[in-house]
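The values are calculated or read from the model by the stated rules, or taken from the named source; none is laboratory data. None of the values given here were measured: they were computed from a predicted structure. Don't worry about glycine lacking a Cβ; one is built from the backbone with ideal geometry, like all the others, and counts go over all protein chains shown.
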Amino acid sequence: MKKQILLAGAAAGLALAASAAQAQSIDYGSLEQLFNEPVTTSATGSPQRSTEVPVDMTIISSSDIKRSGATDLPTILSRVAGVDVLNFAAGQSDVGIRGYNQARSPRLLVLINGRQVYLDHFGYTDWTALPISLSEIRQIEVVRGPNSAIFGFNAVSGVVNIITFNPKFDDANAIDLRTGTSESNFVSVVKTMHLGEKVSVRISAGGEHQNEWKDNSAAVTAAMIHNPTTLHANLDAVAELGAKTQLRVEGSYSNGQASQVISTFAYAAHRIKTNSLKATVTSDTKLGLIQVQGYHNDLDALTPGRRYLNGITVVSVEDLFKIGAAHTVRVGLEYRDNQLDTASYSGAKISYKVLAPSLMWNWAVNPKLSLTAAARLDNLSLERTGPFPAGVPQTSNALWDRDIKETSVNLGAVFKATDADTLRATYARGVQAPTLLELGGLIIPPATPAPVGFLIEGNPFLDPAIVTNYQLTYDRDLPALRAKASLKVFMQKTESVKGQFSTAIVSIPATATTWNAYQYANTGDSEMKGAELAASGKFGTGFHWSADTTYTKIEDKPALTLAALILRKVDFEATTPKYRSNLALGWANAQWAVDGYVHQVSKFSSYNGNLLEPVPAYTTLAGRVSYKLENGIVMGVDGVNLLHARESQAKGPSGLQAERRVQFTLSKTW
């Protein structure tokens, strides 16, 4: 009874202490203790279990991360139901949700404490460039399906919302050391400090190096290979400006090099630098919880022959308030200024500005039923400045004077039929805006004067892709078995799929003074249907388990021909596996912990130039064994891809193969 009173009080007191995707000021540790499981405030602003939110969400806790034995986020995410991971190289993985994954996948919104960390020039996430250590992550929220109206720009296939420990509430201190096969070495340090009673700071830094997977492919030359090396640093400071007002300042830096597969599915040595600065002011006022936030991201990325310089500034204001006891409302306004220097031809700039009002309403109809509705209107204004190289067919910057207006919608109903049974129905409409490169940031002219040779360039008339999704979910608690299970069915349609340029498809024919131009293009529609079954639980003393399988069937509906989909690298019907499954089993006591993970993916196809190539079905085994000494130091042995010395996990004969790797770890947290 006492715990129920505390839980009700915490929920009421904290219902206005968060906003969707920027819920940094919440004491997640206290909430986790009260709910006896990780909770989220990201969907509605109120603390909720993952089974109570009006979206399809899985929460990965900090203890899950520690037990995983994983050294990177894509490995952790690959063990989440419905998540697809293409492991192209030791330092590059692309992540998608329920199909439609591709090299430099542009469909996933990735956030760290509300700041986007996917790279705006391509719209993809470079996971090795994330400026944080795994040991400073409080939890990871994986949200499936389009959720642009709730989480923001680019949330098309889903969201990965990374929440770090808050220095105000969490004394997160850690040292992690790893060394292992293939000359892999890693170190990271996390330190939290309190400067008086009103200022708390967490700083972290880390570095990693490993050898690239062995190159057994004639299609991958030595010039395309670089051993993955990364450095990163992060600062997170919270200051109390008043009894009800808080300032949070975050800054980050990362610098790395690795082999990568670019959007045409070709390998290239890649270097990337990022830095960011973010400030958030949150104040509990008579008008509600008001939050003003601004951040700036800088990118300096170098692929042989092309240097991408991209800067984005985002400013937003939100007000989260309650109307009576049953209604929670959030109103917001976001401004985005995104600019990219053209490459490889330099001297011009392409940019867009976005103004996006949004509204979220959650109605707790009664203790059993809650309804949520959210909408966001993106008003995007495109612009280009600067010269053109001689021989380009489109030579007027006025062609880029274009506005795009699209609306995102999320609707959700959660019905708790009994104490053990929960039903959820959701509808979503998401918008995948063209990236700056697709709109004209990419200009690769030939070395020969026109009309000899060909030009690769962006397309100022490219349309956004519109994704609609319907889903039904049934969750069942099984207390007698100390377990829970869920069944989900879903269907999705993508309109105006965006395809790559292809040197086999001429977009603008040559003239006496211009080159043949190859551009990005919309290729038609695509439909997906699927189902997911998952269960997890505990047994005996210290044992835990989980299992899931996800089925997806994609049917592409090209505007022209199937051959055009292959040439433009968007034959998702062929390149999406029908099944992906996971099985995990672990045991732990006060000193020892043992965990094993089996991951299975059915066969699919990838690209080798302008052709499809098969990737056989594969199964991986990973595991960790650790022991905690009396002084708190944890020794561990971690292994990935343990079943085979090497195997294909993203490409066929034209790609690198994932290798078996083992590491010894030492860690200390306090």
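Tabulated results
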quantity: Looking only at segment 200-228, and only at residues there that are more than 21 Å from Thr71 (Cβ to Cβ) and among the hydroxyl-bearing types (Ser, Thr, Tyr), the one that is surrounded by the fewest Cβ atoms within 10 Å (Cβ to Cβ); calculated: Thr221
quantity: Looking only at segment 438-479, and only at residues there that are among the small types (Gly, Ala, Ser) and within 24 Å of the chain's Cα centre (by Cα), the one that is nearest to Pro393 (Cα to Cα); calculated: Gly441
quantity: Test: Pro460 is buried (at least 19 other Cβ atoms within 10 Å of the Cβ), in contact with a Pro (Cβ under 8 Å, 6 or more places away or on another chain) and either closer than 25 Å to Lys557 by Cβ or not acidic (Asp, Glu) (or both); calculated: no
quantity: Selection within segment 244-261 - buried (at least 18 other Cβ atoms within 10 Å of the Cβ) and either acidic (Asp, Glu) or not in a strand (DSSP E or B) (or both); calculated: Glu250
quantity: Yes/no for Ala390 being surrounded by fewer than 20 Cβ atoms within 10 Å (Cβ to Cβ), in contact (Cβ under 8 Å) with a residue 60 or more places away in the chain and either closer than 29 Å to Ser157 by Cβ or in contact with a helix residue (DSSP H, G or I) (Cβ under 7 Å, 6 or more places away or on another chain) (or both); calculated: no
quantity: Residue count for segment 143-163, restricted to those that are more than 11 Å from Thr40 (Cβ to Cβ) and not in a loop (DSSP other than H, G, I, E, B); calculated: 9
quantity: Residue identified as in contact with a Gly (Cβ under 9 Å, 6 or more places away or on another chain) and on the phi > 0 side of the Ramachandran plot among Gly123, Gly145, Gly196; calculated: Gly145
quantity: Meets criteria (assigned to a loop (DSSP other than H, G, I, E, B), surrounded by 21 or more Cβ atoms within 10 Å (Cβ to Cβ) and at pLDDT 95 or above) for Leu439; calculated: no
quantity: Selection from segment 512-544 of residues that are closer than 19 Å to Phe461 by Cβ and β-branched (Val, Ile, Thr); calculated: Thr514, Thr523
quantity: Filter result for Ser63 (touching a residue at least 60 places away in the same chain (Cβ under 8 Å) and either surrounded by fewer than 24 Cβ atoms within 10 Å (Cβ to Cβ) or among the basic types (Lys, Arg) (or both)); calculated: no
quantity: Condition check for Leu109: buried (at least 24 other Cβ atoms within 10 Å of the Cβ), closer than 30 Å to Ala222 by Cβ, under 17 Å from the mean Cα position of the chain (by Cα) and not aromatic (Phe, Trp, Tyr); calculated: no
quantity: Failed condition for Leu533, given (1) over 30 Å from Pro577 (Cα atoms); (2) surrounded by fewer than 20 Cβ atoms within 10 Å (Cβ to Cβ); (3) of a type in the set (A, V, I, L, M, F, W, C); calculated: (1)
quantity: Leu423 part of a strand (DSSP E or B) and touching a residue at least 24 places away in the same chain (Cβ under 8 Å); calculated: yes
quantity: Only listed residue being polar (S, T, N, Q), over 30 Å from Thr552 (Cα atoms) and within 24 Å of the chain's Cα centre (by Cα), chosen from Ser157, Ser204; calculated: Ser204
quantity: Members of segment 128-142 that are part of a loop (DSSP other than H, G, I, E, B) and either free of Cβ contacts under 8 Å to residues at least 60 places away in the same chain or in contact with a Phe, Trp or Tyr (Cβ under 7 Å, 6 or more places away or on another chain) (or both); calculated: Pro131
quantity: Test set (1) in contact with a helix residue (DSSP H, G or I) (Cβ under 9 Å, 6 or more places away or on another chain); (2) among the β-branched types (Val, Ile, Thr); (3) closer than 21 Å to Asn113 by Cβ - Ile350 fails condition number; calculated: (3)
quantity: Counted residues, segment 212-265 - those being touching a residue at least 60 places away in the same chain (Cβ under 8 Å), small (Gly, Ala, Ser) and within 26 Å of Thr192 (Cα to Cα); calculated: 5
quantity: Where Asp341 falls short, out of the listed (1) acidic (Asp, Glu); (2) under 30 Å from Ala269 (Cβ atoms); (3) within 24 Å of the chain's Cα centre (by Cα); calculated: (3)
quantity: Thr164 being over 20 Å from Val354 (Cβ atoms) and either crowded, with 24+ Cβ neighbours inside 10 Å or among the β-branched types (Val, Ile, Thr) (or both); calculated: yes
quantity: Some residue of segment 406-426 being surrounded by fewer than 16 Cβ atoms within 10 Å (Cβ to Cβ) and more than 30 Å from Pro367 (Cβ to Cβ); calculated: yes
